[in-house]
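The numbers here are math on the coordinates, done by the rules we state, and not lab data. Just so it is clear, the structure is predicted and the values come from calculations on it, not from any experiment. Glycine gets a Cβ as well: all are built from the backbone with ideal geometry, and neighbour counts include every protein chain shown.
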Amino acid sequence: MSVPVLIRELSFFRLKRSVLLGLKSLWLHKLRSLLTAMGIVFGVCSVIAMLAIGEGASHEAQQQIKELGSQNVILRSVKPTNKTTAGEQERSLILEYGITYRDISQIQATVPGVLVTIPARELKDFIWNEALSIDGSTRGTVPWFPDMRNRKVQRGRFFTQIEMDTRAPICVLSRSLARHLFPLSEPIGDTVRIQSSYFRVIGVIQDDPAVANSSEEKGATGATDQGAAMEMLIPITTLEDHFGEVLFKYRSGSFEAEKVELHEATVRIDTPDRVMPAAEAIRHILERNHKDVDYTMVVPLDLLRRAERTKQIFNIVLGSIAAISLVVGGIGIMNIMLATVTERTREIGIRRALGAKKKDIVMQFLIETVMLSGAGGLLGVALGLLIPIIITHFAQMETIIQLWAPILAFSISVMTGVLFGIYPAFRAAGMNPVEALRHE
Amino acid sequence: MVSSTSLEPVIELRGVEKHYQMGDTLVKALRGVDLRIYPGDYISILGPSGCGKSTMLNILGCLDQPSVGQYFLDGIDVSKLSDDNLSQVRGKKLGFIFQSYNLIQQLTVVENIEVPLYYQGLSEKESREIAVDLACRVGLSKRLDHKPTELSGGQQQRVAIARALSNDPAVILADEATGNLDSKSGGDILEIFDQLNADGKTLILITHDEGMSKRTSRTIRLKDGEIAFDSRREEVTA
Ligand SMILES: Nc1ncnc2c1ncn2[C@@H]1O[C@H](COP(=O)(O)OP(=O)(O)OP(=O)(O)O)[C@@H](O)[C@H]1O
Ligand SMILES: [Mg+2]
């Protein structure tokens, strides 16, 4: 007697009555049934909840990376750490480091697939609106910056090529900065001041997503983090005009002078599959041009792939936990079903005497087991859907429930029932009717 | 009381033996039983404890196979059937009544009566009609949705009788059907048996009660696994 034969025997009518019969038997021992199904309930529930949390977290990470632009390679200048010894004698001199125009023109000329580059310079100093001020960063960049970096201009407009060419004293404020400097009044049309230069505000742009998210995560801990979102964008030419090649910064009595040609450059590659080779080529150019590592390279696509890989590993771990918990649940069910079969030996004998075939008995117990695990699965799905909602509500964490997760978890719970129900069911069917009838 | 030799026997045992292996010794519970039972027979099987009555009933009821010999039920050689076919035969041709009622505890009166019909593949509606009708016939019309634990012993045995009748069997087998009952409710059950036989049913009753031989039309006495006395054969040979 094989399982396909059993399935062929199953007419809908019989199934309906077997299900009712199973319900009755399970209902007779409500507490026992509930406890038996618990293993499956928690297994299924934890799988769905963990998947939703994992999916949410990785979605959040991927979103951040995507906002950096998956076709971009971002280069940033960093103060080299190993320059301290060499810089000992030039202590009072100007610190010179970072990405240069030469790097950029070489990249533009030699790396295949480079569409555009967005150079940017940065000045860290106080930004003023009358009496209000904040320690923010002023970034000199190009008109296509918002497009390349996926940042929306929320109000007003971004500056144009003509304004860059004419070195106009205009600026676009990040949302946080606009809020800070103009808590009550309209920023557009007004002016802000850095050192002794004035800039007219022409637009407000969305905060840098990477900065915004990291400051959100760290909560109220850092006023410094908050500073990072305080960003003002002006034409790169204007920045050069007003603050020169050497950027001076006065801070708590001492002063620093830095000469950095470009603080940041974004290289846009034409197709996604050329991003990684281009990144490699750029790395070579930079390695050749810079003795010290005074730059960093961020390849969002690479980060994205790594995030996906991490997610895969996470899913494998989750899958194993799920499998283990379902096996444990299945063993629990099998244990109880074996006890049930023994307990109901007499009933089995009666049914056999009254005309039940072996396969009728197998079906009866198999359906009962599957109903037990299926009900556990349903309950688990319900809890598993509820937990992410609660987590999102109270912990402000993004969770994503994919349709396949509850469906898969439920089907596996049903399959667990079949798998662990087969042995007890066949044991029940294998009983000798005479002995079963004599059983006390 | 309708018994006539001209009819084909509904049951025929030819040289049936049943052996049990108990460690090293072979126990012969039945040693060569030849028996013919005709439609409408009303038989009591009597004998001392351990003489093989239950063993014989198990074989007659197709619950067990003879070790030696042949068993024809309604012309079919049952001793050669597969397990599935034996189930089929039990469900179609036989009705069982046990000493300890053997009702299914989680089912109601009507549902218990429906069990054999379920395995015969009758629809819910058909089997419900038959079951309710039978429950009324055994006087349980007010107890249709009660569970066995809510019934007296006599009532439970009446449910069992209704269940045995539900598939309209060729033969009804009863093992000590009144053994657990007081004389009043036992008497009620026996009256139902009388009535069933009067309606033409073939009944085989296994009993300790000597009084039963007066009630039934035919008496068989077993001794050490053999038929020591058969009132019909005595009649024939006499
Ligand atoms: N499963 C078995 N294994 C071994 N021996 C058995 C088995 N069943 C019955 N016997 C033996 O067969 C013989 C007949 O037993 P059976 O149960 O048929 O007696 P019985 O006439 O029904 O007795 P009682 O009136 O006490 O019910 C006994 O000696 C018993 O020990
Ligand atoms: Mg007996």
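Would you order A:H59, A:H284 from fewest to most other beta-carbon atoms within 10 Å of each residue's own beta-carbon? Working shown, then result.
On the way: A:H59 15, A:H284 12.
Exposure proxy ranking, most exposed first: A:H284, A:H59.
Take every DSSP beta bridge whose two residues both sit in segment B:11-232, then give the antiparallel share in percent to the nearest 5. Could you put the intermediate results ahead of the total?
Values: 21 of 38 bridges.
So the antiparallel bridges in segment B:11-232 amount to around 55 percent.
For segment B:14-65, treating each Cα as an identical point scatterer without solvent, what Debye log10 I(q)/I(0) comes out at q = 0.14 1/Å?
For segment B:14-65 at q = 0.14 Å⁻¹, log10 I(q)/I(0) is -0.41.
Give me the distance in nm between label points sitting 7 Å out from Cα along the Cα-to-Cβ direction at A:D270 and B:S82, one decimal.
Spacing of the two 7 Å Cα→Cβ label points: 7.2 nm.
For chain A, find the longest principal axis of its Cα atoms and tell me its angle to the long axis of helix A:101-110, 0 to 90°, nearest 10.
60
Which of the lysines could be linked to A:K291 by a straight reach, that is with a Cα gap under 21 Å, when you skip same-chain ones fewer than 8 residues away?
Straight-distance partners of A:K291: A:K79, A:K83, A:K259.
Can you tell me what share of the DSSP beta bridges in chain A is antiparallel? A percent to the nearest 5 is fine. Walk me through the intermediate numbers first.
On the way: 42 of 54 bridges.
Rounded to the nearest five, the antiparallel share is 80 percent.
Taking H placed 1.01 Å from N in the peptide plane, check which residues at least 5 places from A:Q154 or on another chain put their amide H under 5 Å from its amide H.
A:V204, A:I205, A:Q206
Just grab the label-to-label distance for A:F126 and B:Q120, each label 7 Å out from Cα along the Cβ direction, in nm (one decimal).
Placing both labels 7 Å beyond Cα along the Cβ direction yields 10.2 nm.
Please give the average number of partner chain Cβ atoms lying within 10 Å of the Cβ of each residue in A:342-354, rounded to a whole number.
Numbers: counts 0, 0, 3, 0, 4, 6, 0, 3, 10, 7, 7, 15, 19.
Average neighbour count from other chains, rounded to a whole number: 6.
For chain A, find the longest principal axis of its Cα atoms and tell me its angle to the long axis of helix A:30-67, 0 to 90°, nearest 10.
Value to nearest ten degrees: 20.
Shielding of A:424-436 by partners, i.e. mean partner chain Cβ atoms within 10 Å per residue?
2
Label segment A:346-431 by shape, choosing from rounded, prolate and oblate, from the square roots a ≥ b ≥ c of the eigenvalues of the Cα gyration tensor; if a/c is under 1.5 it is rounded, and otherwise prolate applies when a/b is larger than b/c, oblate when it is not. Display every interim value, and only then the final one.
Numbers: a/c = 5.14, a/b = 3.79, b/c = 1.36.
It comes out prolate by the Cα gyration axes.
Could you derive backbone 3J(HN,Hα) for segment A:120-125 from the dihedral phi with the Karplus parameters 6.51, -1.76 and 1.60 (θ = phi - 60°), listing whole Hz in sequence and x where the residue is Gly or Pro?
8, 10, 9, 10, 9, 7
According to a simple spin-label model (label point 7 Å from Cα along Cα-to-Cβ), what is the distance in nm between A:A395 and A:L408?
So the label points at A:L408 and A:A395 sit 2.1 nm apart.
As a quick test, which of the pairs A:K24/A:K358; A:K66/A:K124; B:K53/B:K93 have an alpha carbon distance above 23 angstrom in this structure?
On the way: A:K24/A:K358 21 Å; A:K66/A:K124 27 Å; B:K53/B:K93 20 Å.
Where the Cα-Cα span goes over 23 Å, the pairs concerned are A:K66/A:K124.
Sketch the reach of a paramagnetic label on A:L383 as a point 7 Å from Cα along Cα-to-Cβ, and name the residues of segment A:36-57 whose backbone nitrogen lies under 12 Å away.
The answer is A:36-49, whose backbone nitrogens lie closer than 12 Å to the label point.
From the phi of every residue in segment A:266-276, what ³J(HN,Hα) in whole Hz does the Karplus formula 6.51 cos²θ - 1.76 cosθ + 1.60 yield, where θ is phi - 60° and glycine or proline is x?
So the Karplus estimates, Gly and Pro as x, are 10, 9, 9, 9, 6, 10, x, 6, 9, 5, 5 Hz.
Could you derive backbone 3J(HN,Hα) for segment A:374-387 from the dihedral phi with the Karplus parameters 6.51, -1.76 and 1.60 (θ = phi - 60°), listing whole Hz in sequence and x where the residue is Gly or Pro?
x, 5, x, x, 4, 4, x, 4, 4, 5, x, 7, 6, 4
Check A:K124: other-chain or 5+ apart residues with amide H under 5 Å from its amide H, H built from backbone geometry?
Residues meeting the amide H criterion: A:T138.
With a Förster radius of 22 Å, plug the Cβ-Cβ distance of B:H146 and A:L28 into 1/(1 + (r/R0)^6) and report the FRET value to the nearest 0.05.
Values: r = 15 Å, r/R0 = 0.70.
That gives a FRET efficiency of 0.90.
For the pair A:S197 and A:K66, what calculated FRET efficiency results from E = 1/(1 + (r/R0)^6), where r is the Cβ-Cβ distance and R0 = 45 Å, to the nearest 0.05?
Working: r = 35 Å, r/R0 = 0.79.
Efficiency, rounded to the nearest 0.05: 0.80.
Compute from the Cα atoms of chain A the Rg and the Dmax, the latter being the longest Cα-Cα distance, and quote both in angstrom.
Just the Cα atoms of chain A yield Rg and Dmax of 33.9, 106 Å.
Out of residues 5 or more away from B:S44 or on other chains, whose amide H comes under 5 Å of its own, with H placed 1.01 Å from N in the peptide plane?
The list, which skips near neighbours in sequence, is B:L205, B:R218, B:T219, B:I220.
Go ahead and run the numbers for FRET between B:Q70 and A:I321, Cβ-Cβ distance against an R0 of 56 Å, rounding to 0.05. Don't jump to the answer; show the numbers that get you there.
Working: r = 61 Å, r/R0 = 1.09.
Step by step, r from the Cβ atoms, then E = 0.35.
If contacts are Cα pairs under 8 angstrom and at least 6 residues apart, what is the relative contact order of segment B:11-232 in percent?
Details: 416 pairs, mean separation 67.3, N = 222.
About 30 percent, as a whole number.
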